[in-house]
1. Between Val164 and residues 5 or more places away or on another chain, which pairs have amide H atoms under 5 Å apart, with H built 1.01 Å from N, and which residues are they?
2. Cα centroids of the stretch 36-63 and the stretch 131-145: how far apart, whole angstrom?
3. Got a number for the accessible area of Asp151? Probe 1.4 Å, square angstrom, nearest 10.
4. Leaving ligands, DNA and RNA out of it, rank Glu128, Glu47, Glu81 by accessible area with a 1.4 Å probe, largest first.
5. So, counting K/R as plus one and D/E as minus one, what does the shell of residues with Cβ under 14 Å around Met146 add up to?
6. Scan around Gln137 for amide H atoms under 5 Å from its own, H built in the peptide plane at 1.01 Å from N, and keep only partners 5 or more places away or cross-chain.
7. Once you order the gyration tensor axes a ≥ b ≥ c over the Cα atoms, which shape class does the stretch 24-158 get: rounded for a/c under 1.5, otherwise prolate or oblate by comparing a/b with b/c?
8. Compute the FRET efficiency between Met146 and Val227 as 1/(1 + (r/R0)^6), taking r as their Cβ-Cβ distance and R0 = 22 Å, and round to the nearest 0.05.
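The values are calculated or read from the model by the stated rules, or taken from the named source; none is laboratory data. Fair warning: this is a prediction, and the values are worked out from it, not measured in the lab. Cβ placement follows ideal geometry from the backbone for every residue including glycine, while neighbour counts extend to all protein chains displayed. For accessibility, only protein heavy atoms count, side chains too; no ligands or nucleic acids. Shrake-Rupley method; radii C 1.70, N 1.55, O 1.52, S 1.80 Å.
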Amino acid sequence: WGRNQNGQLGLGSTEDSLVPQKIQAFQGISIKMVAAGAEHTAAVSEEGALYGWGWGRYGNLGLGDRNDRLVPEKVSTLNGEKMNMVACGWRHTISVSDTGRLYTYGWSKYGQLGHGDFEDHLVPHKVESLADSFIKQIAGGWRHTMALTSDGKLYGWGWNKKVVQVSCGWRHTLAITEEKNVFSWGRGTNGQLGHGESTDRLVVDQVVTISVLIIRNVPKIIEALSVDGSSGQQIESSKLDPLSGKTWVSPTERYAIVPDESGQSVHSGKGNGGDVSVPENDVKRIRIKAYKLRGVCKVSVLLLVFITTIIM
């Protein structure tokens with residue numbers, strides 16, 4: 001039941017269904033596992049047969065062509081191997097045989113099939129790099145794939161963020177991706193990670209408060225400095241190469257947004273050095289605008305970029 005634009009329900013039509021309907025093509029066939037992609041579906045029977053139906057533009061049905069199927073069809077190119085499990089990515093499919101061998105097929109623009117190329121595969125192909133491993137669990141994402149072996153090793157492949165610049169402070173790290181997003185991790189007791197956090201806490205997979213310090217052991221995007229940040233803004237790095245156009249950010253620069261109590265910009269009557277805590281020759285002021293976000297009034301603020309050696 002549900003959306004059926006490409007026949008992914010396997011009911012023989014492209015009509016949506018608001019209630020569950022029995023798939024007649026499986027009459028008399030016992031199904032032990034089913035998986036759903038964006039608009040295609042795959043299943044494995046108790047006898048180890050593999051089936052595909054729905055959207056097939058990228059060969060993700062494993063039937064040797066790019067055509068859609070309105071009803072389930074059996075995948076016949078498995079060299080006699082019986083399948084034990086199946087999983088679907090957005091446009092690709094992953095299956096595992098009874099012997100623990102891994103097969104993938106469909107869309108491979110980002111290498112998510114694991115065959116060492118970016119070519120679509122219209123029928124299941126064994127992933128040779130894992131031929132000596134017994135695959136115990138599989139999962140498919142939008143552009144990537146994960147597999148867990150019987151001895152507890154986890155493998156991943158496909159789309160990943162490409163880092164083009166990295167810089168380290170005393171106890172924290174910053175990285176810029178090809179998409180011009182900035183990530184940081186490590187110690188953050190003085191807000192040097194740029195996530196708006198200054199309380200003492202340890203961040204692992206979720207926030208747990210303890211009385212020590214802020215540590216991120218996984219990278220997190222710095223919203224205000226990234227193209228894909230939720231605020232919809234990007235603050236240009238102070239490190240801009242006018243010849244190459246490349247930018248980078250160094251942890252030796254400290255950022256602070258300083259509005260006054262009225263919510264207005266802090267104005268200085270003496271050049272660049274109006275703040276008592278910042279020497280005139282030790283700060284660069286960049287005027288930016290903070291847009292209304294979650295009920296916060298629109299304000300103009302000053303971005304203070306301290307170019308002194310980082311304190312922590």
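1. So Val164 has HN proximity to Ile176, Thr177, Glu178.
2. Measuring centre to centre over Cα atoms gives 16 Å.
3. In the full protein context, Asp151 sits at about 100 Å².
4. Glu47, Glu128, Glu81
5. +3
6. Excluding prolines and chain starts, which carry no amide H, the hits are Leu148.
7. Details: a/c = 1.75, a/b = 1.19, b/c = 1.47.
Oblate.
8. Working: r = 27 Å, r/R0 = 1.22.
FRET efficiency, Met146 to Val227: 0.25.
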